[in-house]
1. With only Lys, Arg, Asp and Glu charged, each at its Cβ (+1 for the first two, -1 for the last two), find how big the charge dipole of the stretch 164-263 is about the Cα centre; round to the nearest 20 debye.
2. For residue 208, project a label point 7 Å along Cα to C-beta. Then give me every residue of the stretch 238-253 with its amide nitrogen under 20 Å of that point.
3. Using a simple charge model, +1 on the beta-carbon of Lys and Arg, -1 on the beta-carbon of Asp and Glu, nothing else, what dipole does the stretch 303-408 show about its Cα centre, in debye to the nearest 20?
4. Using the Karplus curve 6.51 cos²θ - 1.76 cosθ + 1.60 with θ = phi - 60°, what ³J(HN,Hα) values do you get for each residue of the stretch 171-184, in whole Hz, with x for Gly and Pro?
5. Report the extension gain between residue 74 and residue 399 in nm, rounded to one decimal, defined as 0.36 nm multiplied by the number of residues separating them, less their alpha carbon distance.
6. In debye, nearest 20, what is the charge dipole magnitude of the chain about its Cα centre with +1 on Lys and Arg Cβ and -1 on Asp and Glu Cβ, if you could check?
7. With a ≥ b ≥ c taken as the square roots of the eigenvalues of the C-alpha gyration tensor of the stretch 243-398, please select rounded if a/c is under 1.5 and otherwise prolate if a/b is larger than b/c or oblate if it is not?
8. Could you tell me which of 275, 299, 311 has its Cα farthest along the dipole of the stretch 273-334 towards the positive end, charges placed at Cβ (Lys, Arg +1; Asp, Glu -1), taken about the Cα centre?
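The values are calculated or read from the model by the stated rules, or taken from the named source; none is laboratory data. Since we're looking at a predicted model, the values are computed, not measured. Reconstructed Cβ throughout: ideal geometry from the backbone, glycine too, with neighbour counts over all protein chains shown. The accessibility values were calculated without ligands, DNA or RNA, using every heavy atom of the protein model including side chains. Shrake-Rupley method; radii C 1.70, N 1.55, O 1.52, S 1.80 Å.
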Amino acid sequence: MKKFWFYIEPYVLFFKKGEKALFYNTLDYTILKIKITPELLEIMEKLEENKCILLEESVLLQPAISTFLEQLRTHYLGDKIIATAASVRPALFQPIINNQREFRRVTKNESVKTDTWVMDYLEELYIGLNGVVEEKFPECYKQTLYFIKSDYCLQTSALLSFLENVPDLQINQINLFGGDVLSHPDFNTILRFLRSKTHRIHLFYCYDYWKPEYNISFKEENYSLTIIVPLWEYEEELFNKKKLSFEKSNISPKWVFLVHTEAEYTKAIQLVSDFSHTAVKVIPIYTGDNLEFFKAYVFTEETDLTEFQLNKREIYTRQKFNPRDFGRLSILPDGKIYANVNFDNLGEIYTDHIQTILYKELQEGQSWLRIRDKAPCRDCVYQWLCPPPSNYEIALGKYNLCHLSETE
(Lines give C-alpha, C1' and ligand atoms only; values in the text may rest on other atoms or scores of the structure.)
Protein backbone atom coordinates (compact mmCIF):
# COMPACT_ATOMS: atom_id res chain seq x y z
CA MET A 1 0.00 0.00 0.00
CA LYS A 2 1.37 3.40 -1.00
CA LYS A 3 1.97 6.02 1.66
CA PHE A 4 1.97 9.81 1.28
CA TRP A 5 3.20 12.82 3.20
CA PHE A 6 0.17 15.03 3.78
CA TYR A 7 1.31 18.54 4.64
CA ILE A 8 0.31 22.14 5.21
CA GLU A 9 2.45 24.76 3.45
CA PRO A 10 5.00 26.54 5.69
CA TYR A 11 3.40 29.95 5.04
CA VAL A 12 -0.01 28.69 6.25
CA LEU A 13 -1.26 28.97 9.83
CA PHE A 14 -3.73 26.39 11.11
CA PHE A 15 -6.20 27.01 13.93
CA LYS A 16 -8.65 24.48 15.39
CA LYS A 17 -11.48 25.27 17.79
CA GLY A 18 -14.16 22.72 18.58
CA GLU A 19 -15.78 21.63 15.34
CA LYS A 20 -14.12 24.31 13.22
CA ALA A 21 -10.73 24.51 11.53
CA LEU A 22 -9.25 27.57 9.87
CA PHE A 23 -6.33 27.83 7.45
CA TYR A 24 -4.78 31.26 6.89
CA ASN A 25 -2.47 31.95 3.94
CA THR A 26 0.06 34.59 5.03
CA LEU A 27 1.11 35.21 1.41
CA ASP A 28 -2.21 36.15 -0.17
CA TYR A 29 -4.26 36.47 3.09
CA THR A 30 -6.96 34.03 2.00
CA ILE A 31 -8.92 32.08 4.60
CA LEU A 32 -10.35 28.61 4.37
CA LYS A 33 -12.75 27.59 7.13
CA ILE A 34 -13.81 23.97 7.39
CA LYS A 35 -16.34 22.17 9.56
CA ILE A 36 -14.67 19.22 11.26
CA THR A 37 -16.87 16.22 10.57
CA PRO A 38 -16.28 12.87 12.33
CA GLU A 39 -14.46 11.69 9.18
CA LEU A 40 -12.00 14.59 9.42
CA LEU A 41 -11.52 14.65 13.19
CA GLU A 42 -8.51 12.33 13.42
CA ILE A 43 -6.58 13.96 10.58
CA MET A 44 -7.28 17.44 12.00
CA GLU A 45 -5.98 16.40 15.40
CA LYS A 46 -2.81 15.05 13.81
CA LEU A 47 -2.30 18.24 11.79
CA GLU A 48 -2.75 20.26 14.96
CA GLU A 49 0.24 18.41 16.42
CA ASN A 50 2.35 18.35 13.26
CA LYS A 51 2.10 20.18 9.94
CA CYS A 52 3.29 17.10 8.04
CA ILE A 53 1.81 13.64 8.65
CA LEU A 54 2.17 10.24 7.02
CA LEU A 55 -1.05 8.70 5.62
CA GLU A 56 -1.83 5.54 3.71
CA GLU A 57 -3.38 5.88 0.26
CA SER A 58 -6.59 4.22 1.45
CA VAL A 59 -7.09 7.06 3.94
CA LEU A 60 -6.58 9.72 1.30
CA LEU A 61 -9.12 8.03 -0.96
CA GLN A 62 -11.89 8.43 1.58
CA PRO A 63 -14.39 10.94 0.13
CA ALA A 64 -14.28 13.42 3.02
CA ILE A 65 -10.48 13.47 3.19
CA SER A 66 -10.12 13.56 -0.60
CA THR A 67 -12.42 16.59 -0.73
CA PHE A 68 -10.48 18.23 2.11
CA LEU A 69 -7.19 17.72 0.28
CA GLU A 70 -8.63 19.22 -2.89
CA GLN A 71 -9.75 22.29 -0.94
CA LEU A 72 -6.23 22.75 0.40
CA ARG A 73 -4.75 22.37 -3.07
CA THR A 74 -7.20 24.80 -4.64
CA HIS A 75 -6.26 27.49 -2.13
CA TYR A 76 -2.51 26.63 -2.19
CA LEU A 77 -2.65 25.71 1.47
CA GLY A 78 -1.36 22.15 1.39
CA ASP A 79 -0.74 19.04 -0.70
CA LYS A 80 0.56 15.45 -0.66
CA ILE A 81 3.71 13.80 -1.96
CA ILE A 82 4.46 10.11 -2.19
CA ALA A 83 6.59 8.63 0.57
CA THR A 84 9.20 6.09 -0.47
CA ALA A 85 12.27 4.59 1.13
CA ALA A 86 14.40 7.04 -0.87
CA SER A 87 12.27 10.14 -0.28
CA VAL A 88 12.79 12.65 2.50
CA ARG A 89 10.05 13.87 4.79
CA PRO A 90 9.17 17.55 4.09
CA ALA A 91 10.89 19.73 6.68
CA LEU A 92 7.75 21.16 8.24
CA PHE A 93 7.33 21.64 11.98
CA GLN A 94 4.85 23.27 14.28
CA PRO A 95 6.03 26.82 15.07
CA ILE A 96 7.50 27.61 18.46
CA ILE A 97 6.90 31.21 19.47
CA ASN A 98 10.28 32.53 20.56
CA ASN A 99 9.43 35.76 22.37
CA GLN A 100 12.73 37.57 22.84
CA ARG A 101 10.95 40.32 24.75
CA GLU A 102 9.48 38.03 27.40
CA PHE A 103 10.36 39.71 30.68
CA ARG A 104 10.79 36.42 32.55
CA ARG A 105 13.83 35.73 30.39
CA VAL A 106 15.48 38.88 31.64
CA THR A 107 14.71 38.32 35.31
CA LYS A 108 16.02 34.72 35.17
CA ASN A 109 19.27 35.70 33.48
CA GLU A 110 21.65 36.59 36.30
CA SER A 111 24.28 37.88 33.86
CA VAL A 112 22.28 40.98 32.95
CA LYS A 113 21.26 43.97 35.01
CA THR A 114 17.48 44.06 34.88
CA ASP A 115 17.48 47.75 35.85
CA THR A 116 19.12 48.42 32.50
CA TRP A 117 17.12 45.93 30.50
CA VAL A 118 13.75 47.06 31.80
CA MET A 119 14.31 50.49 30.25
CA ASP A 120 14.49 48.84 26.82
CA TYR A 121 10.77 48.09 27.07
CA LEU A 122 9.81 51.78 27.07
CA GLU A 123 9.02 52.75 23.47
CA GLU A 124 6.46 55.53 23.58
CA LEU A 125 5.34 58.08 26.14
CA TYR A 126 2.09 60.06 26.37
CA ILE A 127 2.26 63.15 28.55
CA GLY A 128 -0.82 65.17 29.50
CA LEU A 129 0.74 68.52 30.39
CA ASN A 130 -2.54 70.16 31.37
CA GLY A 131 -6.28 69.79 30.96
CA VAL A 132 -9.52 71.65 30.35
CA VAL A 133 -12.27 72.60 32.78
CA GLU A 134 -15.31 71.65 30.69
CA GLU A 135 -15.72 68.74 28.28
CA LYS A 136 -18.85 67.19 26.76
CA PHE A 137 -17.43 63.66 26.76
CA PRO A 138 -14.93 63.59 29.67
CA GLU A 139 -14.14 59.89 29.15
CA CYS A 140 -13.20 60.37 25.49
CA TYR A 141 -9.46 60.48 26.24
CA LYS A 142 -9.70 56.89 27.48
CA GLN A 143 -10.47 55.80 23.92
CA THR A 144 -8.11 58.06 21.94
CA LEU A 145 -5.86 61.10 22.45
CA TYR A 146 -8.11 64.04 23.30
CA PHE A 147 -8.84 66.65 25.96
CA ILE A 148 -8.40 65.66 29.60
CA LYS A 149 -10.86 67.18 32.02
CA SER A 150 -8.49 68.33 34.76
CA ASP A 151 -7.57 71.39 36.82
CA TYR A 152 -3.99 70.13 37.20
CA CYS A 153 -0.88 71.37 35.43
CA LEU A 154 1.94 68.83 35.36
CA GLN A 155 4.81 69.81 37.66
CA THR A 156 7.93 70.35 35.57
CA SER A 157 10.60 69.43 38.12
CA ALA A 158 8.86 66.17 39.01
CA LEU A 159 8.44 65.21 35.35
CA LEU A 160 12.09 65.87 34.49
CA SER A 161 13.28 64.02 37.58
CA PHE A 162 11.08 61.02 36.77
CA LEU A 163 12.47 60.79 33.21
CA GLU A 164 16.07 61.54 34.15
CA ASN A 165 17.12 57.87 34.11
CA VAL A 166 15.76 57.29 30.60
CA PRO A 167 18.79 56.85 28.28
CA ASP A 168 19.25 59.53 25.64
CA LEU A 169 17.09 58.93 22.56
CA GLN A 170 15.66 55.78 24.14
CA ILE A 171 12.01 56.59 23.42
CA ASN A 172 10.76 56.33 19.84
CA GLN A 173 8.12 59.03 20.25
CA ILE A 174 6.75 61.31 22.96
CA ASN A 175 3.20 62.60 22.55
CA LEU A 176 2.03 65.78 24.32
CA PHE A 177 -1.70 66.26 24.83
CA GLY A 178 -4.36 67.20 27.38
CA GLY A 179 -5.48 70.78 26.78
CA ASP A 180 -3.79 73.95 25.54
CA VAL A 181 -0.39 72.26 25.73
CA LEU A 182 1.64 75.24 24.55
CA SER A 183 0.20 77.35 27.38
CA HIS A 184 2.03 75.26 29.99
CA PRO A 185 4.28 77.80 31.79
CA ASP A 186 7.39 75.61 31.34
CA PHE A 187 6.64 74.23 27.89
CA ASN A 188 9.95 75.28 26.33
CA THR A 189 11.95 73.86 29.27
CA ILE A 190 10.07 70.55 29.01
CA LEU A 191 10.50 70.48 25.23
CA ARG A 192 14.26 70.95 25.42
CA PHE A 193 14.57 68.15 27.95
CA LEU A 194 12.35 65.74 26.03
CA ARG A 195 14.38 66.24 22.88
CA SER A 196 17.30 64.53 24.60
CA LYS A 197 15.18 61.45 25.32
CA THR A 198 13.31 60.81 22.07
CA HIS A 199 13.58 60.79 18.29
CA ARG A 200 10.17 62.45 17.75
CA ILE A 201 7.90 64.81 19.64
CA HIS A 202 4.26 64.99 18.59
CA LEU A 203 1.64 67.51 19.75
CA PHE A 204 -2.08 66.75 19.78
CA TYR A 205 -4.38 69.79 19.66
CA CYS A 206 -8.10 70.31 19.27
CA TYR A 207 -8.63 72.67 16.36
CA ASP A 208 -10.44 75.34 18.37
CA TYR A 209 -7.53 75.64 20.86
CA TRP A 210 -4.82 76.22 18.27
CA LYS A 211 -3.86 79.91 18.01
CA PRO A 212 -2.36 81.77 15.02
CA GLU A 213 0.77 82.67 17.01
CA TYR A 214 1.44 78.97 17.52
CA ASN A 215 2.20 78.64 13.79
CA ILE A 216 5.48 80.48 14.25
CA SER A 217 6.43 78.41 17.30
CA PHE A 218 5.60 75.21 15.46
CA LYS A 219 7.89 76.03 12.52
CA GLU A 220 10.75 77.08 14.78
CA GLU A 221 10.62 74.10 17.14
CA ASN A 222 10.14 71.48 14.42
CA TYR A 223 7.85 69.04 16.21
CA SER A 224 5.01 67.21 14.47
CA LEU A 225 1.37 68.12 14.99
CA THR A 226 -2.01 66.43 14.88
CA ILE A 227 -5.14 68.57 14.85
CA ILE A 228 -8.23 66.91 16.35
CA VAL A 229 -11.70 67.90 15.16
CA PRO A 230 -14.55 66.52 17.30
CA LEU A 231 -17.51 66.69 14.91
CA TRP A 232 -19.92 67.35 17.80
CA GLU A 233 -18.02 70.65 18.32
CA TYR A 234 -17.59 71.43 14.62
CA GLU A 235 -18.08 75.04 13.52
CA GLU A 236 -17.62 75.48 9.79
CA GLU A 237 -16.42 79.09 9.85
CA LEU A 238 -13.89 78.45 12.63
CA PHE A 239 -12.69 75.22 11.02
CA ASN A 240 -12.12 76.86 7.64
CA LYS A 241 -10.29 79.74 9.31
CA LYS A 242 -7.90 77.37 11.13
CA LYS A 243 -7.33 75.28 8.00
CA LEU A 244 -6.56 78.36 5.91
CA SER A 245 -4.14 79.60 8.59
CA PHE A 246 -2.14 76.37 8.32
CA GLU A 247 -2.08 76.57 4.53
CA LYS A 248 -0.81 80.17 4.55
CA SER A 249 1.96 79.19 6.98
CA ASN A 250 2.91 76.12 4.89
CA ILE A 251 2.13 73.86 7.82
CA SER A 252 0.74 70.39 7.07
CA PRO A 253 -0.48 68.80 10.30
CA LYS A 254 -2.15 65.44 10.47
CA TRP A 255 -5.91 65.64 10.98
CA VAL A 256 -8.16 63.45 13.11
CA PHE A 257 -11.95 63.67 12.95
CA LEU A 258 -13.83 62.22 15.95
CA VAL A 259 -17.38 61.00 15.33
CA HIS A 260 -20.09 59.33 17.36
CA THR A 261 -23.10 59.31 15.02
CA GLU A 262 -23.76 58.33 11.44
CA ALA A 263 -24.41 61.98 10.52
CA GLU A 264 -21.01 62.98 11.94
CA TYR A 265 -19.34 60.11 10.08
CA THR A 266 -20.92 61.28 6.82
CA LYS A 267 -19.73 64.82 7.50
CA ALA A 268 -16.21 63.57 8.29
CA ILE A 269 -16.02 61.67 5.00
CA GLN A 270 -17.08 64.85 3.21
CA LEU A 271 -14.36 66.86 4.96
CA VAL A 272 -11.73 64.18 4.35
CA SER A 273 -12.24 64.52 0.60
CA ASP A 274 -10.59 67.96 0.82
CA PHE A 275 -7.39 66.52 2.31
CA SER A 276 -6.14 64.46 -0.62
CA HIS A 277 -2.44 65.02 0.15
CA THR A 278 -2.66 65.05 3.95
CA ALA A 279 -2.71 62.27 6.55
CA VAL A 280 -6.29 62.03 7.83
CA LYS A 281 -8.09 59.64 10.18
CA VAL A 282 -11.73 59.25 11.17
CA ILE A 283 -12.02 57.79 14.68
CA PRO A 284 -15.35 56.67 16.24
CA ILE A 285 -16.07 57.49 19.89
CA TYR A 286 -18.36 55.45 22.12
CA THR A 287 -20.61 57.64 24.26
CA GLY A 288 -22.78 55.07 26.02
CA ASP A 289 -25.79 55.47 23.77
CA ASN A 290 -24.46 54.77 20.27
CA LEU A 291 -23.99 50.99 20.28
CA GLU A 292 -25.83 50.57 16.97
CA PHE A 293 -23.42 53.03 15.33
CA PHE A 294 -20.50 50.96 16.60
CA LYS A 295 -22.05 47.73 15.39
CA ALA A 296 -22.40 49.24 11.93
CA TYR A 297 -19.03 51.00 11.63
CA VAL A 298 -16.59 49.49 14.14
CA PHE A 299 -17.39 45.82 14.78
CA THR A 300 -15.29 43.33 12.83
CA GLU A 301 -16.92 41.42 9.99
CA GLU A 302 -15.66 38.13 8.57
CA THR A 303 -14.76 39.91 5.31
CA ASP A 304 -12.50 42.31 7.25
CA LEU A 305 -10.08 39.55 8.19
CA THR A 306 -8.54 39.23 4.73
CA GLU A 307 -8.15 43.01 4.51
CA PHE A 308 -5.97 43.08 7.65
CA GLN A 309 -3.21 41.26 5.68
CA LEU A 310 -1.31 39.83 8.63
CA ASN A 311 2.06 38.15 8.43
CA LYS A 312 3.16 35.28 10.69
CA ARG A 313 5.09 37.55 13.05
CA GLU A 314 2.07 39.80 13.63
CA ILE A 315 -0.16 36.84 14.42
CA TYR A 316 2.38 35.31 16.80
CA THR A 317 2.82 38.69 18.50
CA ARG A 318 -0.91 38.83 19.28
CA GLN A 319 -0.58 35.56 21.16
CA LYS A 320 1.99 37.00 23.61
CA PHE A 321 1.37 40.70 24.16
CA ASN A 322 -0.83 43.60 23.08
CA PRO A 323 0.87 45.59 20.29
CA ARG A 324 -1.54 48.50 20.88
CA ASP A 325 -0.27 49.06 24.42
CA PHE A 326 3.08 47.33 24.77
CA GLY A 327 5.97 49.65 25.59
CA ARG A 328 3.74 52.67 26.23
CA LEU A 329 3.25 54.72 29.38
CA SER A 330 0.91 57.65 29.98
CA ILE A 331 1.44 60.47 32.49
CA LEU A 332 -1.62 62.58 33.26
CA PRO A 333 -1.67 66.20 34.53
CA ASP A 334 -2.04 65.05 38.15
CA GLY A 335 1.24 63.12 37.86
CA LYS A 336 -0.29 59.64 37.90
CA ILE A 337 1.26 57.06 35.58
CA TYR A 338 -0.60 54.44 33.54
CA ALA A 339 0.20 51.71 31.07
CA ASN A 340 -3.38 52.24 29.90
CA VAL A 341 -5.57 55.00 31.29
CA ASN A 342 -8.51 52.59 31.58
CA PHE A 343 -6.77 50.58 34.31
CA ASP A 344 -5.43 51.45 37.77
CA ASN A 345 -2.45 53.77 37.88
CA LEU A 346 0.99 52.25 38.39
CA GLY A 347 2.29 55.07 40.56
CA GLU A 348 3.10 58.79 40.47
CA ILE A 349 6.00 60.82 39.09
CA TYR A 350 6.33 62.50 42.50
CA THR A 351 7.09 59.31 44.43
CA ASP A 352 8.10 56.49 42.06
CA HIS A 353 11.06 55.64 39.84
CA ILE A 354 10.47 54.82 36.20
CA GLN A 355 12.20 51.42 36.53
CA THR A 356 9.74 50.51 39.30
CA ILE A 357 6.81 51.49 37.12
CA LEU A 358 8.03 49.37 34.20
CA TYR A 359 8.68 46.39 36.49
CA LYS A 360 5.19 46.66 37.91
CA GLU A 361 3.46 46.63 34.54
CA LEU A 362 5.54 43.74 33.24
CA GLN A 363 4.98 41.63 36.34
CA GLU A 364 1.51 42.62 37.53
CA GLY A 365 -0.04 44.89 34.90
CA GLN A 366 -3.25 44.44 32.94
CA SER A 367 -2.41 46.34 29.79
CA TRP A 368 0.78 45.29 27.97
CA LEU A 369 -0.01 41.57 28.17
CA ARG A 370 -3.76 41.91 27.46
CA ILE A 371 -4.55 39.42 24.67
CA ARG A 372 -7.63 37.63 23.33
CA ASP A 373 -7.44 34.71 25.76
CA LYS A 374 -10.82 35.13 27.44
CA ALA A 375 -14.30 33.96 26.44
CA PRO A 376 -15.79 34.23 23.89
CA CYS A 377 -12.58 34.89 21.89
CA ARG A 378 -10.61 31.97 23.34
CA ASP A 379 -13.23 29.59 21.89
CA CYS A 380 -13.35 31.26 18.47
CA VAL A 381 -11.42 29.98 15.47
CA TYR A 382 -10.69 33.60 14.47
CA GLN A 383 -9.08 34.30 17.86
CA TRP A 384 -5.63 35.41 16.65
CA LEU A 385 -6.73 36.96 13.36
CA CYS A 386 -8.90 39.59 15.02
CA PRO A 387 -7.34 42.91 16.10
CA PRO A 388 -5.86 42.84 19.61
CA PRO A 389 -8.07 44.13 22.45
CA SER A 390 -8.48 47.90 22.30
CA ASN A 391 -9.87 50.63 24.53
CA TYR A 392 -13.23 50.24 22.79
CA GLU A 393 -13.81 46.86 24.46
CA ILE A 394 -13.31 48.49 27.85
CA ALA A 395 -15.58 51.42 27.02
CA LEU A 396 -18.36 49.11 25.80
CA GLY A 397 -17.84 46.56 28.58
CA LYS A 398 -17.76 43.90 25.88
CA TYR A 399 -14.78 41.63 25.24
CA ASN A 400 -15.40 40.99 21.55
CA LEU A 401 -16.40 43.67 19.07
CA CYS A 402 -17.40 41.54 16.13
CA HIS A 403 -20.15 39.86 14.14
CA LEU A 404 -18.06 36.73 13.52
CA SER A 405 -20.18 34.36 15.60
CA GLU A 406 -23.17 35.36 13.48
CA THR A 407 -21.48 33.92 10.38
CA GLU A 408 -20.81 30.48 11.85
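1. 400
2. It comes to 238-246, nothing else.
3. My answer is approximately 280 debye.
4. Karplus-based 3J(HN,Hα) across the stretch 171-184 equals 8, 5, 8, 10, 10, 10, 7, x, x, 7, 4, 5, 8, 4 Hz.
5. Answer, rounded to one decimal: 113.5 nm.
6. Dipole magnitude for the chain comes out near 1220 debye.
7. It comes out oblate by the Cα gyration axes.
8. So the residue we want is 311.
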